[in-house]
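> I am attaching a structure below and will ask some questions about it afterwards.
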Amino acid sequence: MLFTMSKPRIIGGTAKGRELDTPASGTRPSPARLREALFSVLAFEPHGEFLDLYSGSGAIGLEAASRGWWATCVELSGKAAAVIQGNAKRLGLNVTVVRGDALAHADAHPGHYQVLFAAPPYPDDLQSIFARLLASGAVAPGGLYVLQHPSAMTVPELPPALTDASVRVKRYGTNSVTFVRVPEAGA
């Protein structure tokens, strides 16, 4: 018997219920349960610029755009970036797709984003990646760094600029999401 996995779907907003195409290989879409929980947390955040790094299938960035965020998806793979762009066009979502290095993009945009979501491939050195993202300053005061990682892992120490940040970890089975709130300016 042959089993096929169903395509991920947008779970809320203007494109709710619509299927997403995914690259043939090399990506791991965030599970629907995790996406739903993530956007429940983000529901009361001011809707501004949303950065989805290591976008892969683009499920997170497309979900953000469906819910009213101005989303940017950064993906190194040309094939995956093309799939994200195709999904955005087909679903009528205004998403900027950048084919490039996630860390370089974060470094080049200090204070630009309200939310930065990163789910790097798990074989990568997540500690180093997260440390660099947190030090990038890409998130504006009052905004959030949202880091998806295996539940067994903890995020690195916060850089000096974030010593007063609040940190919260939510676990969803084998995946966890760490939320790091950047202190307000002058706080």
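> Inspect all residues belonging to segment 116-129 and state whether any of them is in contact with an Asp or Glu (Cβ under 7 Å, 6 or more places away or on another chain) and closer than 22 Å to GLU36 by Cβ.
Yes - at least one qualifying residue is present in segment 116-129.
> Working only within segment 152-178, note down all residues that are of a type in the set (A, V, I, L, M, F, W, C) and either surrounded by 14 or more Cβ atoms within 10 Å (Cβ to Cβ) or under 19 Å from the mean Cα position of the chain (by Cα) (or both).
MET153, VAL155, LEU158, LEU162, ALA165, VAL167, VAL169, VAL177
> Something else: On the basis of being crowded, with 19+ Cβ neighbours inside 10 Å and over 30 Å from THR14 (Cα atoms), does VAL182 make the cut?
Answer is no for this residue.
> Can you report the number of residues in segment 112-123 which are under 16 Å from the mean Cα position of the chain (by Cα) and open to solvent by 20 Å² or more (accessible area, probe 1.4 Å)?
Residues in segment 112-123 being under 16 Å from the mean Cα position of the chain (by Cα) and open to solvent by 20 Å² or more (accessible area, probe 1.4 Å): 4 in total.
> Next up: Among the residues of segment 39-70, how many are more than 18 Å from PRO141 (Cα to Cα), crowded, with 23+ Cβ neighbours inside 10 Å and of a type in the set (A, V, I, L, M, F, W, C)?
So the answer is 6.
> Looking at ALA88, ALA59, which one is modelled with pLDDT under 95 and out of contact with any helix residue (DSSP H, G or I) (no Cβ under 6 Å at 6 or more places or on another chain)?
ALA59
> Please verify whether segment 116-126 includes one or more residues that are out of contact with any helix residue (DSSP H, G or I) (no Cβ under 8 Å at 6 or more places or on another chain), at pLDDT 95 or above and closer than 28 Å to LEU162 by Cα.
Within segment 116-126 (the criterion being out of contact with any helix residue (DSSP H, G or I) (no Cβ under 8 Å at 6 or more places or on another chain), at pLDDT 95 or above and closer than 28 Å to LEU162 by Cα), the answer is no, since none of the residues qualifies.
> Residues that are under 17 Å from PRO8 (Cβ atoms) and free of Cβ contacts under 8 Å to residues at least 60 places away in the same chain: list the strands (runs of 3 or more DSSP E) wholly contained in segment 52-155 that include at least 1 such residues.
Here the list reads 70-75, 95-99.
> On the given criteria, is HIS109 open to solvent by less than 10 Å² (accessible area, probe 1.4 Å) and in contact with a helix residue (DSSP H, G or I) (Cβ under 9 Å, 6 or more places away or on another chain)?
Considered against the rule, which asks whether it is open to solvent by less than 10 Å² (accessible area, probe 1.4 Å) and in contact with a helix residue (DSSP H, G or I) (Cβ under 9 Å, 6 or more places away or on another chain), HIS109 comes out as no.
The values are calculated or read from the model by the stated rules, or taken from the named source; none is laboratory data. These numbers come from a predicted model, not from an experiment. When we count neighbours, we look across all protein chains shown, and the Cβ atoms used for this are built from the backbone with ideal geometry, even at glycine. For accessibility, only protein heavy atoms count, side chains too; no ligands or nucleic acids. Shrake-Rupley method; radii C 1.70, N 1.55, O 1.52, S 1.80 Å.
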